Structure formats: structure tokens, C-alpha cells
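The values are calculated or read from the model by the stated rules, or taken from the named source; none is laboratory data. Since this is a predicted model, take the numbers as computed values, not measurements. Quick reminder, even Gly has a Cβ in these numbers, built from the backbone with ideal geometry, and neighbours come from all protein chains shown. Side chains included, ligands, DNA and RNA excluded: accessible areas come from the protein's heavy atoms. Shrake-Rupley method; radii C 1.70, N 1.55, O 1.52, S 1.80 Å.
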Amino acid sequence: MRPFTLNYARPRVLPAVVTPYRYDSSMQLNVLPDGRPAVSDRELLLAAGTTTSTAGSQTHFDD
Amino acid sequence: MTVLILTSEQDVTADMVVAELHLRSVPVMRLDPADVPGKAVLSADYAHGDFDGHLSVNGHVLSMGGLRSVWVRRPGEPAAHASDSSSWLTAETRQALYGMLYSAPTRWMNHPRNADQARYKPWQLRIAHLSGFAVPPTVITTAPRVAQQFAEEYRDVVVKSASGPPPGDPASALPTTLIGPGADFSTVAAGPALLQRYVPKSADIRLTCVGPRLFGARKRSAPGQVDGRYGDTGYAWGTTAVPDRIAKSVQEYLALSGLAYAAFDFAEDEDGLWWFLECNQAGQFGFVELETGQPIAEAVALWLAGRTGERRVPESRG
Ligand SMILES: Nc1ncnc2c1ncn2[C@@H]1O[C@H](COP(=O)(O)OP(=O)(O)O)[C@@H](O)[C@H]1O
Ligand SMILES: [Mg+2]
């Protein structure tokens, strides 16, 4: 029997593709392909999975 | 003295805080517990009645004597990236890493013991009562008859999950949803259902607490809207003042729960009353900072660096 709460599950709209970024282990920060820090890209911050509230609860233990 | 941030490498919200620490020349080590053992190396020794421990990753080193504070942000499971990962290896690595960190005198945002407790939504509701918040009537039950009676008594009732959506299924979401009339409650017997009276709301409130600093944010709701995170209403998050009564209850809640960081969700009703919905012990703040301009990452960095004011003051600008 499917638990009651799961009757209210809905398909998730997956976030749009964002600028690729990579971790710079010496700075301990992520950087964009042109070398600028990822935090300087507002669009990326808003879209990246770890920043918006819904994506947070999707991928992590806490909203 | 070094700040230790436990999080994954791709966590760009942590980057916001690392950047603030760099600005202030505060030494920092960023470590994902998933990288132990492997990329990250640890040793702790307990000899001659004394203790010391060391962590190193990517050429950065940290000794437990020089540990200033720990921020538990979005850490991976210990040993998750190990070539022979297993639940046993995770348990062993958790012992080694957290056992070492617990041996060091340091400040935590948040201590895992308090974090584990604080994740329980039913417990949150009780602590919210004790702290003086208004809490919508709520039931969590595996008895269909109890669920049915609750829905009949309160009429407009929402269902939400206690732990979040099923973790194995990234394509599915579990938003808080209004239960329509005539719902069949028989399957409540198959899993606990968390039902709550719907708060007819004018706005969602997100209150981010960093030590003593409070950052209030408000987003208007569309009429009849339930989960503020779904459906684009065109409204954005803006800064809002924190009522004194709320600030007092927050102080109480943080004292009872032992949290240094917390992100509260409230529903603001038509009379302007804030109804407690939940308290996320590691709740996201990047979206609030970006939309409101509130300096939350800076506040986290200052707390971790130990340069925080002791006064608990609501931050209400504009
Ligand atoms: N009782 C309620 N009345 C009205 N809206 C609610 C109620 N409970 C939750 N919501 C809405 O749903 C959102 C998510 O619910 P919440 O309790 O914060 O759980 P979670 O974020 O863990 O899914 C809230 O931010 C709010 O917008
Ligand atoms: Mg929430």
C-alpha cells in the first residue's frame, strides 16, 4: 500500500543548465571557465542546485 | 586559528562564506567528509593523557589545537567517495573524523548532536510551543480515523512530509499540498501522515538566524497559494522587520535547541501574525541574500571567525 503522503508527490522541474564551474582546490572556491570565482555570477548562484530553496531540499538533508 | 567548513566541493553557497573569510584573511579549511579516506587524510592520537589531531586535504593542513570553529554546511557521508565504500567504512570513518573533532574544544555551527535533534519536525513544533510561537494545529499519525477526524475538524488542511521527498528519486517533489474534500485516508495506515491546518496567508516569511543576528525576509503569496516554493507568482523576497515578540521566541528556541544557525519558515496571516511552520537547522540562505541583499554570508563568516557582536538585534533595513 502506497503511503498517503506520496499521493501528493509531483514531478520535479529540474533546474535549467547553468554555467559549468569547477573546484579550485588551492583557493577552496569554485571558479568559472574564465577563471573568475563562481560567486561573482549571480545567475549561476540563483540557479545552482545548492542555492535555491527547493533545490536544497531536493539534494540535501535540510531545506 | 582555522575555520573548518564541512561541505561538498560543488557547494557554491559555501563559496560565499569562504570568499568573506578570504577577505578578512581568516584561515579556512574546506573538507568533504566523503573524501576521507583518500584525497583527505586524518590522524588523531591519544597518548600520555593528551590529544592532538590533524587533517590535510589538497595541501591544506589543520591541527586540532588550531581549530577555531566548525561549520557543518552540506557534508557528504564519510567515505562516500572511497573506492571500497560500504556502510561499515562510513561508520568507521565517521568515528575517526567526528570522534576527533568532538575531542577538540571548538565552536560549532551547528553541533551535530543538536542538528540531529533539531531535524525532527514534530519535536520542532513542541519546542515552538515552549518558545511562545503560534503553531497551527498539527497531527502526525498512522491511524486513518485520526487523520479523517483532524481533516473534518479543521476543514482546510495541508499534508507535508516530515523528512523531505524520497531521497532516491531526484525527479519527484513533495510540496506541501491542500487535501481536497472527500480524501481517502485509508493509506495513512501505510505511513505516517503529517497534517496541519492551512494558514490563509498573505506572505511567506523566512527568518535566518546567525548567532544573535536575525535576517527577516518576506515574500507575498498569491491568493490561495500553498507551498511558496512552487509556481511563479511574480513576487520576490524582500527584507522585513522582525517583530519583538518573534525575536524573543527565536532567542528561546535557539537556547532550547542549542542551535547557532537556523532558518525559520512562517506563514503570515491576514492579521500579520507569523505562524511557525518549521525551523531548518541548516536551511539555505543564498537565495535570500541574493534577492534581499542581506549580508548573511558575511554574518556566518564573522560568527565562524569569532568576531560577532553579543547583542541579539533584528536586522531590519528598509
Ligand atoms: N499550514 C500551512 N499553511 C499554509 N502554508 C503552509 C503551511 N505549511 C506549509 N506551508 C507552505 O509550504 C511551504 C513548505 O512547508 P514547510 O513546513 O516549510 O516544509 P518543508 O519546507 O520542509 O517542505 C512553506 O514554506 C509554506 O509556503
Ligand atoms: Mg520549509
> How much length, in nm to one decimal, is gained on full extension between B:L273 and B:E92, taken as 0.36 nm per residue of separation minus their Cα-Cα distance?
Replying inline: 60.4 nm
> How high is the FRET efficiency from B:V41 to B:S163, r the C-beta distance, R0 30 Å, rounded to 0.05?
Replying inline: 0.35
> In debye to the nearest 20, how big a dipole does region B:137-197 give about its Cα centre with +1 on each Lys and Arg Cβ and -1 on each Asp and Glu Cβ?
Replying inline: 100 debye
> What is the magnitude of the charge dipole of chain B about its Cα centre, with +1 placed on the Cβ of each Lys and Arg, -1 on the Cβ of each Asp and Glu, and no other charges, expressed in debye to the nearest 20?
Replying inline: 640 debye
> Total accessible area buried between chains B and A, 1.4 Å probe, in Å² to the nearest 100?
Replying inline: 4200 Å²
> Under a point spin-label approximation (7 Å from Cα along Cα-to-Cβ), what is the B:L23-A:N7 distance to one decimal in nm?
Replying inline: 5.0 nm
>> Over the protein assembly as shown, with the other protein chains present, what is the accessible area per residue in square angstrom, probe 1.4 angstrom?
In response: 45 Å²
>> Ignoring ligands, DNA and RNA, please state the percent of accessible area on chain B from carbon and sulfur, probe 1.4 Å.
In response: 51 percent
> Taking 0.36 nm per residue of separation and subtracting the Cα-Cα distance, what length does fully extending B:A255 through B:V61 add?
Replying inline: 66.5 nm
> Which semi-axis lengths, in whole Å and largest first, follow from the square roots of five times the eigenvalues of the Cα gyration tensor of region B:137-197?
Replying inline: 21, 12, 10
> For the residue pair B:Y235 and B:E153, what label-to-label distance in nm results when each label sits 7 Å from Cα along the Cα-to-beta-carbon direction?
Replying inline: 2.9 nm
> Can you give the alpha-carbon Rg of region B:2-104 over 2.2 N^0.38 Å, where N counts its residues?
Replying inline: 1.06
>> What is the ratio of the Cα radius of gyration of the protein assembly as shown to 2.2 N^0.38 Å, with N the residue count, to two decimals?
In response: 1.02
> Can you give the calculated 222 nm mean residue ellipticity of chain B, where each DSSP H run of n ≥ 4 adds -39,500 (n - 2.57) and the sum is split over every residue, rounded to the nearest 500 deg cm²/dmol?
Replying inline: -8500 deg cm²/dmol
>> Give the average, rounded to an integer, of partner chain Cβ atoms located within 10 angstrom of each Cβ in B:12-24.
In response: 5
>> Give me log10 I(q)/I(0) at q = 0.07, 0.10, 0.11 Å⁻¹ for chain B, Debye formula, one equal scatterer per alpha-carbon, no solvent.
In response: -0.33, -0.65, -0.78
> Based on the alpha-carbon gyration tensor of region B:1-41 and its eigenvalue square roots a ≥ b ≥ c, which shape applies: rounded if a/c is under 1.5, prolate if not and a/b is larger than b/c, or oblate?
Replying inline: oblate
> Taking B:K201 as the anchor, which lysines have their alpha carbon closer than 19 Å to its alpha carbon, excluding any fewer than eight residues away along the same chain?
Replying inline: B:K160, B:K219
> Which FRET efficiency value, to the nearest 0.05, is calculated for B:S103 and B:A143 with the Förster distance at 35 angstrom and r the Cβ-Cβ distance?
Replying inline: 0.20
